[in-house]
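So the structure is just underneath, and the comments pick up after that.
The values are calculated or read from the model by the stated rules, or taken from the named source; none is laboratory data. These numbers come from a predicted model, not from an experiment. Cβ sites come from the backbone with ideal geometry, for glycine too, and all protein chains shown count toward neighbours. Protein only, heavy atoms only, side chains kept; ligands, DNA and RNA dropped before computing areas. Shrake-Rupley method; radii C 1.70, N 1.55, O 1.52, S 1.80 Å.
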Amino acid sequence: MNCFATTFSNRLLRVWKTARDLPKAKCLAVLLIVTPLTVDAQQIQVGSKRFTESYVLGEIAKRLLEDTGFSVEHKQGMGGTIIVWRALTNGDISMYPDYTGTIQETILKSKTSLTSEQMRAALAEHGIGMTGELGFNNTYAFAMRRETVESLNIRKISDLRHHPNLKLGFTHEFLNRKDGWEPLSKHYDLKMRPRGMEHALTYVALNSGDIDLMDAYSTDAKLGEYDLAVLEDDLEFFPKYNAVFLHRLDIDPKAVAAIGALKGTIDETLMIQLNVAAERMKDYTRAAALYFRESESGDTEVQTANVKSGFSQFISKIAPLTGEHLTLVAISMFLAVIIGIPLGIRASRPGIFSQCILGLTGIIQTIPSIVLLAVLIPVLGTNMRNAITALFLYSLLPIVRNTTAGLQDIPTPIRESAAALGLEPRSQLTKVYLPMASRSILAGVKTSTIINIGTATLAGFIGAGGYGELILSGINLNATDVILQGAIPAALLALLSQFLFDLLDRVVISRGLRLKASA
C-alpha cells in the first residue's frame, strides 16, 4: 500500500510539473484524464456471476491477488454469462470464473467440441486468456424433490417424457442457452413449458411445491440441504463444465500467475464443502477462507470477538455501499433536474414538440429497468456510468410532467398581469411563472428522488455497487437478514429524503404559495 501511495504521489507530481505551464483548461484536462488512469492501473477487478459458487471463487481469487500485493475489488453478482463477459471484454473487470461448457456454447458459440488449446486461441482473438482447469466439473443437472421422484418413478431425464404435466422452473439463462432447455427438450423429446425464475428462488419454489423440476449445478450446496434427487443425463446431453478463470491478456502477468496457481486444487468434494459453508455462514469471504485451510469455526476467543465486533463489521460493510448508493442517486438526480426542468418548460407550450417530449419520457418509464441496463452495456459497460444513465432516464418523467403541469396551471389573470407590467418573456418565466410553479416542480423532484433511491438497488445486477449488492446476495443465499441489511437502509434513505424535501419546501417555497396549497 505504501508502494502504491509513493508511486501515485510521484506520478501526480510529474503531472503537476507538466501542467503548471499549460493554460488552465489544458491543465484541468490533464488532471482529469491522467490521474484516474494512474489509479485504475494499480487495481484488479474480479467479477462473479449471480450464484454462490461464483461468489466464493471470486473471493478466493481476491484473496490470492491481495496476498500477491494487488489492490483488488470484487464486483459480486454482476449477472449472467453475457453481462459478465461483456464487462471483461470492455475492461470493466479484469477476470472472472467460468466453465468450459459455457465458454464453448454461450461465448464462442461453437457447434463442435473444442479442446482447451482451441478455446484459448479463440478467446485470444477477443483479448482474453484462460487459466488451467481448477479441478472440478460443475455441469448442469435436473433436480426434483425426492418424494416426487419416488412416487412417479422418475430416475432419468428421459423418464420425463411420460409426465408432460410437471411444473418446470428454470433460470432465465438456461432457458435461452444453446446448451439449455430448447435443444435439450428436442434431444429428449420433452413437451413441457417451463417458466423463468431467479436461480436462488427456484430452490424455494421447488421445496414449497410451486414447481416440480428445476435446473441446478452439480456442485450446488442446496442439493444436499433440501435432500433433492438429481436425474441421470442418460442421453449424455450436457458437455463438461470444468471450472476455469477468464482474464484479460493485458493485465499484470503476476496476477495471471497468482490465479493460475488454482489449477487442479479444487475438486468436486471441496467445492461442495465451500458452497455449503457459504450457504450456512451467509458469508462468502469466510467460506472462501476455508480453501486456504483456515478454521471454519475458530477458537472461542475469535468467536467472542466476532460477536462483539458484529456491529462494527456491519458498519464497515454498509458504509462504502451507502457512499456508492448516494453517488448513484446524487449524480443521476442532478442530471435529471438540470435537463428535466428545461424540458418541462418547453413541454408546457402548445405544439407537437411538447407532446413528443411528454410521450418520450413516458415511454422510457415503461421500459423494464433490467432491459435498459442490459441495452446500455455495449455502449457504457457494466459500471456506474451505466446505472447513472438508466437512473437519470427513469427520473425524468415526474420532473418533466410536474414542471409542465405547474406552468400550465398558472391562472390567465396572472399571465396577463405579467405581460401588462412590460416584462420580457424570459423575465416573465424566471420572475413570475417559475416561482408560481415552484411547489409543483419541487414535488416532482421529490417524487423522482424517492423513486430513484429504490430503483438504484438494481445497480447491483451489473456490479455497479449500492445497497443492491446486499439484496442480491441475500436472495442468492436465501438469507432474509442479509436482504434486510440492504433494504432497510434504502428505505431509511428514502424517508430521510422525504424529510429533507419537506424542510426544503418550507425554506424555498414562499409562505403565500404554501398557504394557497393548504387552502
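Separation of the alpha carbons by more than 28 angstrom is noted, of LYS62/LYS178; LYS156/LYS222; LYS75/LYS282; LYS62/LYS317; LYS178/LYS317, for LYS62/LYS178; LYS178/LYS317.
Distant-in-sequence amide contacts of LYS156, defined by a placed amide H-H separation under 5 Å and a gap of 5 or more residues or a different chain, comprise GLU232. Couplings 3J(HN,Hα) of region 230-243, computed from phi: 9, 7, 6, 7, 5, 9, 6, 7, 6, x, 6, 10, 6, 6 Hz, in residue order, whole Hz [Karplus 6.51 cos²θ - 1.76 cosθ + 1.60, θ = phi - 60°; x for Gly and Pro].
Using a probe radius of 1.4 angstrom, the carbon and sulfur fraction of the accessible surface of region 59-122 is 45%.
Compute the FRET efficiency between ARG146 and LYS263 as 1/(1 + (r/R0)^6), taking r as their Cβ-Cβ distance and R0 = 41 Å, and round to the nearest 0.05. Working from the Cβ atoms, E equals 0.70. The simple Förster model, with R0 at 22 Å and r as the Cβ-Cβ distance, assigns THR480 and THR285 a FRET efficiency of 0.65. With the full set of protein chains in place, find how many percent of the accessible area of region 385-430 is carbon and sulfur; take the probe as 1.4 Å. Ligands and nucleic acids excluded, carbon and sulfur give 55 percent.
For region 424-466, the residues whose amide N sits under 15 Å from a probe point set 7 Å from the Cα of THR322 along the beta carbon direction are 466. Separation of region 457-473 and region 157-199, taken as the distance between their Cα centroids, equals 29 angstrom.
Could I have the simple spin-label model distance between THR366 and LYS156, label points 7 Å from Cα toward Cβ, reported in nm to one decimal? Going by the 7 Å Cα→Cβ label model, 5.0 nm. Backbone amide hydrogens, once placed in the peptide plane, bring HIS126 within less than 5 Å of nothing, excluding anything fewer than 5 places away on its chain.
When each of the peptides 190-198, 241-249, 214-222 is scored by how many other beta carbons lie within 10 Å of its residues on average, the order from highest to lowest is 214-222, 241-249, 190-198.
Residue by residue, region 182-192 carries 3J(HN,Hα) couplings of 4, x, 5, 4, 6, 4, 9, 6, 9, 10, 5 Hz when phi is fed to the Karplus relation 6.51 cos²θ - 1.76 cosθ + 1.60 (θ = phi - 60°); x denotes Gly or Pro.
Rg and Dmax over the alpha-carbon atoms of region 167-214 stand at 10.6, 30 Å. Model label sites at LEU496 and ARG415, defined 7 Å from Cα along the beta-carbon direction, differ in position by 4.2 nm.
Karplus-derived 3J(HN,Hα) values for region 319-330, using 6.51 cos²θ - 1.76 cosθ + 1.60 with θ = phi - 60°, are 4, x, 5, 5, x, 5, 5, 5, 4, 4, 5, 4 Hz; glycine and proline are entered as x.
What is the local net charge at ASP234, summed over the other residues whose Cβ is closer than 9 Å to its Cβ (Lys, Arg +1; Asp, Glu -1)? Walk me through the intermediate numbers first.
Numbers: positive: ARG155, LYS156; negative: ASP159, GLU232, ASP233, GLU236.
That works out to -2.
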